[in-house]
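First the structure, in the form of C-alpha cells, and then the observations on it.
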Amino acid sequence: MRYSGFAELIQQAENLRGIKVAIAAVADKEVLETVKLARASGYIEPILVGDQLKISELAYDAELDLSGIEVVHEPNPMLAAHRAVDQVVEGNARFLMKGLVNTADFLRAVLRPERGLKTERLLSHLGAFEIPGFQHLYFVTDAGINIAPTLEQKKEILKNTITYLTAIGMEQINIAALAANEVPSEKMPASMDAKVLADLSKTGYFPGAMIEGPLALDGAISSEALIHKGIKSEINGDTDVFLVPTIEVGNVLAKSLVYFAGGTMAGIILGARVPIVLTSRNDSPKSKLMSIIMAALSRNTVM
C-alpha cells in the first residue's frame with residue numbers, strides 16, 4: 001500500500017477524534033489558523049502554551065473560539081517549550097508541536113535529561129511531499145535534523161522512517177539512498193554508505209523495505225534513466241523514500257519540490273517518545289495541518 005496523496009492520509013485520519021496535542025509558544029496567527037482547521041475537523045484537542053493575552057488577541061484575528069480550549073500561560077518562549085513537554089510527560093497530550101520558539105530551544109526541551117522525551121533512538125525528520133503530476137506521495141529523510149549523518153546514524157534514520165511508514169499502513173517501502181552517481185567511490189563517502197545500506201537491505205536488515213544505492217535522483221525516479229545508464233534495479237525508478245546524504249542535500253531537494261515543482265510538504269520528527277510537529281513559518285496552513293495529521297496517525301506507535 002502507498003498513499004496517492006494527502007487526501008488519502010486525511011481519509012486514514014477520519015477515525016481520529018480529539019487527540020490532544022501540546023503546542024509550545026503559541027504566539028503565531030498561522031499556527032492558530034491551523035489549529036482552527038484541525039479542531040474543526042475533530043482531529044485534535046489543542047493545549048496552547050504561551051502568552052495568554054497574545055493568544056487571545058491572535059485567536060480573535062484568526063476567528064478561533066478559545067472556549068473549551070486549555071491555555072497554559074507562559075510568556076517566555078523557551079519556558080513555554082518546557083511546559084509543553086511537561087504536558088506530554090504527564091500524559092495530558094499525545095504529541096507535541098512547535099510554535100513561535102527557536103528550534104534549538106525547542107529541541108533542548110524535548111531532549112532534556114530529566115522528564116524529557118528522549119529515547120535510545122536518534123531523532124530524525126521525515127518530510128512528505130505531494131507533487132503535481134506524480135502518482136503518489138514521496139518522502140525525504142533527513143532534511144531537518146541531522147547535518148552530516150554517519151553510516152550508523154543513517155541506519156537509525158532508516159529505522160525511524162520504516163517504523164513510521166509501516167505504522168500508517170505502507171508495505172514494501174522502496175528507498176533510494178541518494179548520491180551524485182551510481183558508482184561507489186571512496187572519494188564520495190555518501191556513495192560508499194549507500195552501497196553498505198543496500199547490501200544490508202538484501203540480508204533483511206530493514207524489514208518491510210528495500211533499499212537501493214547509490215542512486216542519483218534521476219535513476220531513483222525514472223526507469224528510462226536507468227536504461228540509458230545501463231543500471232539494473234529492482235526498484236526501477238519506483239521510489240517511495242529518498243534518503244539524503246546530508247541536510248544540505250535534503251534542504252535543497254525539499255525546497256525545490258515545493259518552490260520549483262509546486263509541491264506541498266508536511267513533516268514530523270521521529271525518534272522521540274511521541275511524534276513531534278516541527279513546521280516553518282513559511283509553511284501553508286494545509287502543510288501544517290498535514291503535519292499534524294502525520295503525527296496523529298502514529299498515535300499507537302512508539303517512535
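Before moving on, here are some points about what is shown:
- Degrees separating the helix 151-167 axis from the principal Cα axis of the chain, which is the longest one: 70
- Apolar share of the accessible surface for segment 26-72: 48 percent from carbon plus sulfur atoms, 1.4 Å probe.
- Each distinct pair of alpha carbons in the chain adds a 1/r term; the inverse of their mean, the Kirkwood radius, is 19.7 Å.
- Solvent-free Debye scattering, log10 I(q)/I(0), computed from the Cα coordinates of segment 64-109 at q = 0.20, 0.28 Å⁻¹: -0.68, -1.12
- Every helix of 4 or more DSSP H residues in the chain counts as -39500 (n - 2.57), and over all residues that averages to -12000 deg cm²/dmol at 222 nm.
- Ranking Gln135, Ile221, Pro207 by how far each Cα lies toward the positive end of the dipole of segment 112-252 (charges on Cβ) leaves Pro207 at the top.
- Taking the three principal axes of the alpha carbon atoms in segment 125-250, the coordinate ranges are 35, 33, 30 Å, sorted in descending order.
- Remark: segment 1-115 projects, on average over all directions, an area of 8.1 nm² (convex hull of Cα atoms).
- Normalising the Debye intensity of segment 248-303 to I(0), with uniform scatterers on Cα atoms only, and taking log10 at q = 0.15, 0.19, 0.20, 0.30 Å⁻¹ returns -0.47, -0.70, -0.76, -1.15.
- In segment 149-243, the portion of solvent-accessible area held by carbon and sulfur atoms comes to 55 percent [1.4 Å probe, whole percent, DNA, RNA and ligands not counted].
- Among Tyr205, Tyr259, Tyr43, residue whose mean-square fluctuation peaks in a GNM of the chain (springs only between Cα atoms under 10 Å): Tyr259
- Taken per residue, the accessible surface of the chain reaches 44 Å², heavy atoms only and a 1.4 Å probe.
- Spin-label zone in segment 1-44 - amide nitrogen under 16 Å from a point set 7 Å from the Cα of Lys286 along the C-beta vector: 4-11, 34, 37-38
- Carbon and sulfur %, accessible surface of segment 254-303 computed with the full protein complex present, 1.4 Å: 54
- For the peptides 55-65, 84-94, the ranking by packing is 84-94, 55-65, with the highest mean count of neighbouring Cβ atoms within 10 Å listed first.
- The alpha-carbon of Lys54 sits under 20 angstrom from the alpha-carbons of these lysines, leaving out residues fewer than 8 places away in its chain: Lys29, Lys36, Lys98.
The values are calculated or read from the model by the stated rules, or taken from the named source; none is laboratory data. On a predicted model such as this, the values are computed, not experimentally measured, just so you know. Cβ sites come from the backbone with ideal geometry, for glycine too, and all protein chains shown count toward neighbours. Areas reflect the complete protein model, heavy atoms only, side chains present, ligands, DNA and RNA absent. Shrake-Rupley method; radii C 1.70, N 1.55, O 1.52, S 1.80 Å.
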